[in-house]
Amino acid sequence: MLLRKGIRLDRERATELVNRLSLDKDWDLTATIHKAQRSRSVEKYYRGVVLKMIAEHTGDSEKDLHEVLLGEILGSQVVTILGHQKRVPVKRSGDMAPAEYMDFVDRVKALAAEHLGLYIPDPGEVLI
């Protein structure tokens, strides 16, 4: 029996394969929870349209805006790093499930509309 690194199995198939392992050998098995990846197009839209438009409107850097928006929308906490206190987001965008990330993007757009009076078009929307 040959298993390759990175194979995704359902519970029934994984149990079947483990039960077939030879008992006269020691085995090291690793299992991780599958995490769905957000689409590259959503990431491009957020970074290339949403953040870019807000940065152009405010004059702030996209990197700084992203950090502030994560904290504003998802919450933040104070941590001590090298003896200095710093406020950091409680969650990173890379840790979000696809649906959660889309909700985050929608909330950023709503925040921009409410606080900046800035309309950000939906993906594929053409402004005339």
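Quick note: the coordinates plus some simple rules give every number you see, no bench work behind them. Not measured: the values here are computed from a predicted model. Please note: Cβ atoms are built from the backbone with ideal geometry, for glycine as well, and neighbour counts cover all protein chains shown.
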Distances over 19 Å make up what percent of all Cα-Cα pairs in the range 65-128? 43
Could you pull out every whole DSSP H run in the chain that spans at least 20 Å of Cα extent along its own axis and averages -0.5 or higher on the Kyte-Doolittle scale? 98-116
Hey, for a label at residue 47 modelled as a point 7 Å past Cα toward Cβ, could you say which residues of the range 98-128 have their backbone N under 20 Å away? 98-109, 121-124
Which of [x] 110; [y] 203; [z] 180 gives volume of the Cα convex hull per residue in Å³ as computed here? It is [z]
Work out the charge dipole of the chain with +1 on the Cβ of Lys and Arg and -1 on the Cβ of Asp and Glu about the Cα centre, then indicate which of 59, 14, 48 is farthest towards its positive end. 14
Sorted by chain and number, the residues with a modelled amide H under 5 Å from that of residue 76, at a separation of 5 or more or across chains, are 90
Tell me the label-point distance for the pair residue 122, residue 13, using the 7 Å Cα-to-Cβ offset, in nm and rounded to one decimal. 3.6
If the only charges are +1 at each Lys and Arg Cβ and -1 at each Asp and Glu Cβ, what is the size of the charge dipole of the chain around the Cα centre, to the nearest 20 debye? 460
